[in-house]
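Structure record follows, encoded as structure tokens.
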Amino acid sequence: MKTAILAGGFGTRLGELTGLIPKPMVPIGGKPILWHIMNHYASYGYNDFVVALGYKGDLIKQYFLNYFSTNSDFTVHLKDGSVHTHGTSHVDWKITLVDTGADSMTGGRLARLKSYLGNETFMLTYGDGLSSINIEKLVEFHRAHGKKVTISAVHPDARFGELRIGASDRVEKFAEKPQMDQGWINGGFFVMEPEFIDYIHADDVMLEKFPLEQATKEGELYSYRHDGFWQCMDTKRDHDQLEEMWLSGSPPWV
């Protein structure tokens, strides 16, 4: 199963951290937050990624193009320019990097990935959020209810889109950044059927507006409730907290 990652935003609230690099490349413990997200999926055996690029996407391309050599020992023969690498990479990931436009919204970026995702169930998440969510259980939950979309519901503060969840885990309401009701919010880490992309018809469509709201009205959106660790990197304060967690030696997303 492929995992799509939305990595094209500007990250303006991170201030100087995103002046020269895109938000998903902001490092935590010396590795981009994008790498940490991918590593979490890969720890469950999901290592086929499709990354939606936008703002300074060329830097993300360069990072992965140079990943093998940057993380390996090698010998360069200056006479002929040949390179001999010592050892092999322990990271076995397949990564498709797709330019989805500088100004596309989250829904538009997903729609531009359609041909790369194929006609099978896929996962989707944002390029700025870390979690201890059990990906295997998330996928099992999605397959069990048989609807178009599973959204991971998490419990942080009131900055994000709220979910009202019924007794059967069917989402009864999706509202972007309202006053809090039950306290569950959109934590990303979606599982989707390819038909969901049909809700998106233009680059300026926000995933969090019409597509998810329409899926809710049709009874096609279910929530996987995650009570464990989840945190996005929305501000410099968020970044500093994640960095402290990493330096503690036991970051909760690993």
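The values are calculated or read from the model by the stated rules, or taken from the named source; none is laboratory data. Values in this document were obtained by computation on a predicted structure and should not be read as measured data. Glycine gets a Cβ as well: all are built from the backbone with ideal geometry, and neighbour counts include every protein chain shown.
Things worth noting here:
- Total residues in the range 117-134 satisfying the condition of being surrounded by fewer than 15 Cβ atoms within 10 Å (Cβ to Cβ) and outside any loop (DSSP other than H, G, I, E, B): the figure is 0.
- Cβ separations smaller than 6 Å between residues 6+ apart or across chains give the following pairs from the range 203-215 residues that are part of a helix (DSSP H, G or I) to residues that are modelled with pLDDT of 95 or more and among the small types (Gly, Ala, Ser): Pro211/Gly107.
- The listed residues are Tyr41, Tyr46, and the only one of them that is part of a loop (DSSP other than H, G, I, E, B) and surrounded by 14 or more Cβ atoms within 10 Å (Cβ to Cβ) turns out to be Tyr46.
- Contact map, the range 52-70: first residue free of Cβ contacts under 8 Å to residues at least 40 places away in the same chain, second residue surrounded by fewer than 15 Cβ atoms within 10 Å (Cβ to Cβ) and among the small types (Gly, Ala, Ser), Cβ cut-off under 6 Å, separation 6 or more or different chains; pairs are Phe68/Ser89.
- Asp103, sole failed condition from (1) acidic (Asp, Glu); (2) in contact with a strand residue (DSSP E or B) (Cβ under 9 Å, 6 or more places away or on another chain); (3) modelled with pLDDT under 95: (2)
- Sole residue being assigned to a loop (DSSP other than H, G, I, E, B), surrounded by fewer than 15 Cβ atoms within 10 Å (Cβ to Cβ), of a type outside the set (A, V, I, L, M, F, W, C) and at positive phi, chosen from Gly228, Gly219, Gly188: Gly219
- Scanning the range 20-29 for residues that are surrounded by fewer than 19 Cβ atoms within 10 Å (Cβ to Cβ) and either assigned to a strand (DSSP E or B) or modelled with pLDDT of 95 or more (or both) yields Pro27, Gly29.
- Looking only at residues in the range 71-99 that are touching a residue at least 40 places away in the same chain (Cβ under 8 Å) and acidic (Asp, Glu), the one that is nearest to Pro22 (Cα to Cα) is Asp99.
- Among residues of the range 43-86, those that are in contact with a helix residue (DSSP H, G or I) (Cβ under 7 Å, 6 or more places away or on another chain) and more than 30 Å from Asp203 (Cα to Cα), counted: 1
- Count of the range 51-87 residues which are in contact with a Ser or Thr (Cβ under 6 Å, 6 or more places away or on another chain), assigned to a strand (DSSP E or B) and surrounded by fewer than 20 Cβ atoms within 10 Å (Cβ to Cβ): 3
- Residue within the range 94-115 that is surrounded by fewer than 14 Cβ atoms within 10 Å (Cβ to Cβ) and aliphatic (A, V, I, L, M) present: yes
- Residue within the range 224-233 that is farther than 16 Å from Ser152 by Cβ and at pLDDT below 95 present: yes
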